1. Expressed as a rounded percentage, what relative contact order does segment 102-168 have, with Cα pairs under 8 Å and six or more residues apart?
2. Long-range amide H contacts for R124: which residues qualify at under 5 Å (H placed 1.01 Å from N, peptide plane, sequence gap of 5 or more or a different chain)?
3. Which of H89, H157 has the fewest other C-beta atoms within 10 Å, and how do the rest follow up to the most?
4. Only helical DSSP H runs with n ≥ 4 go in: add -39500 (n - 2.57) per run for the chain, normalise by residue count and round the 222 nm mean residue ellipticity to 500 deg cm²/dmol.
5. What aspartates and glutamates does K197 reach when the alpha-carbon gap must be under 14 Å and sequence neighbours fewer than 8 apart in one chain are set aside?
6. Pairs of alpha-carbon atoms within less than 8 angstrom and 6+ residues apart define the contacts here; what relative contact order does segment 55-196 have, in percent?
7. Please give the FRET efficiency for A67 paired with S154, using the beta carbon to beta carbon distance and R0 = 41 Å, rounded to the nearest 0.05.
8. Got a sec? Charge dipole of segment 52-197, +1 on Cβ for Lys and Arg, -1 for Asp and Glu; which of Y177, M160, L194 is way out at the positive end?
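Derivation of every value follows stated rules applied to the coordinates shown; laboratory data play no part. Note that the coordinates shown come from a computational prediction; the quantities given were computed from them, not determined experimentally. All Cβ positions, glycine included, derive from the backbone under ideal geometry; neighbour counts span all protein chains shown.
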Amino acid sequence: MKRQIDTKLIERSIRDILVALGDDPEREGLKETPKRVAKMFEEVFEGMTLSNDEIAEFFGTTFEDEALDECQNNFVIIKDIPIFSYCEHHLALMYNMLVTVAYLPKEKIIGLSKVARIADMVGRRLQLQERIGEEIAEIVEKVTESEAICVLISGEHSCMTARGIKKQGTTTTTVTYRGKRMEEESDLRQECLLLMK
Ligand SMILES: Nc1nc2c(ncn2[C@@H]2O[C@H](COP(=O)(O)OP(=O)(O)OP(=O)(O)O)[C@@H](O)[C@H]2O)c(=O)[nH]1
Ligand SMILES: [Zn+2]
């Protein structure tokens, strides 16, 4: 069940912020700003209205194919999915984010676009980069029942490039492994990472 975002409360809060900044929320350029921001939040935080189970259910289109019985070690890799997110510490934009998802199909394969939809929706939450990887891996595992999943993410955090320490061009890379085979087989982890890069 999709949760509703309280847009009226967001509008009031943004108006308060404009006043706190010493500006006039009634002036022409700002009159519609609280409404615009509330609408933008509804869009960019849509993932906060859904649980991981719901995302798995909505974007869980899978197929079964006899050919899959023959190949227990053939990775599927969906590379460089661009997403945006917002860091939960500063509400600052994470940008130039590229997500690569690899998994070993067991009996089911997931529709390729669904992987991108899952990554996109997980990004639309107040996040940590590490948690984006964990949540994508968890949802892909729920949908595919795969025993070997890896999520590689690289991205820039505006809270680190445009404020504070201001180190432009710094990128952060996170790697998330999930599943029994990934835990147990270090060769598989290495092979997978090599293929993803
Ligand atoms: N691990 C991790 N840290 C993050 C992420 N996004 C932001 N941060 C960090 O969260 C930390 C928050 O630190 P604080 O000391 O509480 O906040 P701050 O005073 O604004 O820190 P500075 O950014 O160093 O100015 C900072 O080091 C951020 O770089 C993320 O996705 N993962
Ligand atoms: Zn931040």
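1. Taking the mean separation of contacting Cα pairs over the length of segment 102-168, I get 38 percent.
2. HN-HN under 5 Å from R124: G47.
3. H89, H157
4. So the calculated ellipticity at 222 nm is -12000 deg cm²/dmol.
5. Result set, ordered by chain and number: D80.
6. The value is 26 percent.
7. Values: r = 32 Å, r/R0 = 0.79.
That gives a FRET efficiency of 0.80.
8. Checked the options; the winner is M160.
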